[in-house]
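Working notes for the structure below.
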2 protein chains.
Amino acid sequence: MRIAQVPPLYEAVPPRLYGGTERVVAHLTDALVSLGHDVTLFASAEAHTAAKLAVVRDQAIRLDPAPLKSDLAAHLFQLAEVRRRADEFDVIHFHTDMIQFPMFEGMADKTLTTLHGRLDLKDLAQVYQRWPQFPLVSISDDQRRPLPFANWAATVHHGMSAGLYDFSPRARGYLAFLGRISPEKRPDRAIAIATATGRPLRIAAKVDNADRTYFEDEIEPLMANPLVDFIGEIGDATKSAFLGGAEALLFPIDWPEPFGLVMIEAMACGTPVIAWDNGSVREVIEPGLTGFIVRSEAEAVAAVERLPSLDRAAIRARFEERFSATAMARRYLQIYERLTHSATPLTEAA
Amino acid sequence: MRIAQVPPLYEAVPPRLYGGTERVVAHLTDALVSLGHDVTLFASAEAHTAAKLAVVRDQAIRLDPAPLKSDLAAHLFQLAEVRRRADEFDVIHFHTDMIQFPMFEGMADKTLTTLHGRLDLKDLAQVYQRWPQFPLVSISDDQRRPLPFANWAATVHHGMSAGLYDFSPRARGYLAFLGRISPEKRPDRAIAIATATGRPLRIAAKVDNADRTYFEDEIEPLMANPLVDFIGEIGDATKSAFLGGAEALLFPIDWPEPFGLVMIEAMACGTPVIAWDNGSVREVIEPGLTGFIVRSEAEAVAAVERLPSLDRAAIRARFEERFSATAMARRYLQIYERLTHSATPLTEAA
């Protein structure tokens, strides 16, 4: 099948450090190529991909040191390039929210749009009402809640290349927190849980400028705790060792995170996840098998004590079954097939 | 003529405080109505307008306290409303840069797009190359320099309602600076000029969060100077007295500002402008009549000494001739006429 993949242009594909959407597009694209498909990736020039690369910007927007640039213009140009070449593809798969709707109205039935962000924003509903002809993919069922009426074609959970993270049969005696330092990620909860259980906590996290005040006021004082070790932002190369060495990943989120890639990154290493019951968590974590779902610090502390009951090899096996990039690509291929072979509108019932 | 006006949705129309584009759209819209035209304004609900108001959002985006909102979705919905009603208008006048291009490709010849921002941003050129069918208006000739190839229909300088600012026949012994506190506005130069001439300087300015560090590190220390009086951000009601009382407005910009509304606001009060030779300044200021154009602090100091040679009544008269909202509306009407009566593409030669 001839497939176009259209990621946002903010980060490299895959990103060097943070950047969930571009990371998933990279995994999906390579997995589709592995499965024998003809894939073209419309991305910035630094992309590493097994697909054909159509360069639509000299570098990713956030990596570009130019002080004066336009996100909107960059994406409009990218989409114009996709449209100019649209006849070359059986399916055009967008990861760019809604900006493509006006330009692809005439061929909505050969497009698929995966929504990667939270959907409880003001202004969104009226746009998905106005352009109902575009089939949409949610990355968790929970993500759909604010837009139940939208044209949902399927939920496809994220996947990752199984080779990217090494299975680690044995942990090395610490709990891990990985992500941005921000109020909705609740690193303070992670510190409280570690403190209550007397376990060391290693925090690998980025501090965005927007979260600098929160970091300095709320989190930095907590790091005086000798159990807490803050190691800053880490890339893919060190993530495997960091996650693989952990007794558990703590994922104490306070917002409806639509997926939460770090959970499956931990599972790829065989590391269980102790996660707050929020967003996609119930769809990703299988309690007693790949981790525990909790609703309070007391429950989280109890979960830490129950970690020895989990089998790290079984966690890795569940990752491979449910969350490998190949599993994700196969799910998407089923939807692409329905798109290209169905004369009727694409709905989940079809 | 049946005219749609499409402003951005960031600020109210007109804005309560800062916000150049929405202010100009407000003046233009009311002036077109005064001249007998049937005008519809697609704006947020708090707009004050003599035109018919088509409400496309409950409030302006920047005034909206909702923490989760989408600029892009708000504008896509606005544009979808304009397109749904497009048959009702002879001319659709956009002030929204480029986001309307994909949606109005089928009727570009009945649209006009005024570009209100600087055009020397990376990514812009390729978009104006890709959608050359949309006739564009620059707000100064200088603004066009980065995009000389674009489909320019005309330059139309901004105008303002003549009744908004009172003519002040006599100044009250101070120099004025009005705008944002930011490196490219160079409030430090204004302070240096005032100090060198021994004149008091009153600074009425907004400090954006992005400029907070610049303000604290570079400007606040200079305010210990007893000649300098910082009065914060002011609205339209107090601007007239503030500008009318000044011997001159200092406009020592360090960037190619495409227009600079505050220059004509000063002129409306009869107040001359001492402006750096940058951006639109040569097109707005007539040296020896409405102010002086300078290239150094020494030249600015000399210009302050020459202020008594200028006639404040003549400055107000030039404002009314060149920069009233009615003058602006008449210029736009000429272009609208060319759009609606010309079978050939709209170019300046036509």
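The values are calculated or read from the model by the stated rules, or taken from the named source; none is laboratory data. Quick caveat: nothing in here was measured; it's all calculated off a predicted structure. Note that each Cβ is placed from the backbone with ideal geometry, even for glycine, and that neighbours are counted across all protein chains shown.
Which one of these is under 25 Å from A:PHE215 (Cα atoms), more than 17 Å from the chain's Cα centre (by Cα) and buried (at least 17 other Cβ atoms within 10 Å of the Cβ): A:PHE292, A:PHE251, A:PHE242? None of the other options fit; the residue is A:PHE242. Please specify each residue of the stretch A:143-152 satisfying the condition of being in contact (Cβ under 8 Å) with a residue 60 or more places away in the chain, outside any loop (DSSP other than H, G, I, E, B) and in contact with a strand residue (DSSP E or B) (Cβ under 6 Å, 6 or more places away or on another chain). Matches in the stretch A:143-152: A:TRP152 only.
Only residues that are crowded, with 21+ Cβ neighbours inside 10 Å and modelled with pLDDT under 95: list them for the stretch B:56-79, please. None; the set is empty.
When the test is whether a residue is part of a strand (DSSP E or B), in contact with a Leu (Cβ under 8 Å, 6 or more places away or on another chain) and modelled with pLDDT of 95 or more, A:LEU41 passes it. The residues of the stretch B:280-304 that are of a type in the set (A, V, I, L, M) and in a loop (DSSP other than H, G, I, E, B), listed by number, are B:ILE285, B:LEU289. Here A:GLU233 does not fit the description of being free of Cβ contacts under 8 Å to residues at least 40 places away in the same chain and surrounded by fewer than 17 Cβ atoms within 10 Å (Cβ to Cβ).
Going by the structure shown, is B:SER140 in contact (Cβ under 8 Å) with a residue 60 or more places away in the chain and either crowded, with 18+ Cβ neighbours inside 10 Å or in contact with a Cys (Cβ under 9 Å, 6 or more places away or on another chain) (or both)? Yes: the conditions hold for B:SER140. Filtered by the rule that a residue be of a type in the set (Val, Ile, Thr) and touching a helix residue (DSSP H, G or I) at 6+ places or on another chain (Cβ under 8 Å), the stretch B:169-201 gives B:ILE181, B:ILE191, B:ILE193, B:THR197. If the condition is being crowded, with 17+ Cβ neighbours inside 10 Å, closer than 17 Å to B:ALA80 by Cα and more than 7 Å from every other protein chain (Cβ to nearest Cβ), then the stretch A:102-114 contributes A:PHE104, A:ALA108.
So A:GLN334 clears everything in (1) surrounded by fewer than 13 Cβ atoms within 10 Å (Cβ to Cβ); (2) modelled with pLDDT under 90 except one condition, right? Which one? If we test A:GLN334 against (1) surrounded by fewer than 13 Cβ atoms within 10 Å (Cβ to Cβ); (2) modelled with pLDDT under 90, just (2) comes out false.
Residue-wise test of (1) over 20 Å from A:LYS69 (Cα atoms); (2) buried (at least 22 other Cβ atoms within 10 Å of the Cβ); (3) of a type outside the set (Phe, Trp, Tyr).
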residue	(1), (2), (3)
A:ALA4	yes, yes, yes
A:VAL13	no, yes, yes
A:VAL25	yes, yes, yes
A:GLU46	no, no, yes
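Entry remark, the stretch B:80-93: residues being at the interface with chain A (Cβ under 10 Å from one of its Cβ atoms) and buried (at least 21 other Cβ atoms within 10 Å of the Cβ) number 0 in total. Scanning the stretch A:117-135 for residues that are crowded, with 22+ Cβ neighbours inside 10 Å and either more than 14 Å from chain B (Cβ to nearest Cβ) or of a type in the set (S, T, N, Q) (or both) turns up just one, A:PRO135. Scanning the stretch B:314-329 for residues that are under 15 Å from the mean Cα position of the chain (by Cα) and closer than 15 Å to B:GLY288 by Cα returns a single hit, B:PHE319. Restricting the stretch B:175-227 to residues that are of a type in the set (Val, Ile, Thr) and at pLDDT below 95 leaves a set whose member that is farthest from B:ALA303 (Cα to Cα) is B:THR213. The single condition among (1) part of a loop (DSSP other than H, G, I, E, B); (2) out of contact with any Cys (no Cβ under 9 Å at 6 or more places or on another chain) that A:GLN126 does not satisfy is (1).
For the stretch B:91-115, the set of residues classified as assigned to a loop (DSSP other than H, G, I, E, B) and either farther than 23 Å from B:THR340 by Cβ or aliphatic (A, V, I, L, M) (or both) consists of B:ASP97, B:MET98, B:ILE99, listed by residue number.
Could you check the stretch A:157-204 and list, in sequence order, the residues that are over 22 Å from A:ASP311 (Cβ atoms) and of a type in the set (D, E, K, R)? Of everything in the stretch A:157-204, those that are over 22 Å from A:ASP311 (Cβ atoms) and of a type in the set (D, E, K, R) turn out to be A:ARG180, A:GLU184, A:LYS185, A:ARG186, A:ASP188, A:ARG189, A:ARG202.
Taken over the stretch B:48-73, the residue count meeting the criterion of being assigned to a loop (DSSP other than H, G, I, E, B) and either at the interface with chain A (Cβ under 7 Å from one of its Cβ atoms) or of a type outside the set (Val, Ile, Thr) (or both) is 12.
Whether a residue is at pLDDT below 95, closer than 29 Å to B:HIS75 by Cβ and more than 9 Å from every other protein chain (Cβ to nearest Cβ) was assessed, and A:SER138 does not pass this test.
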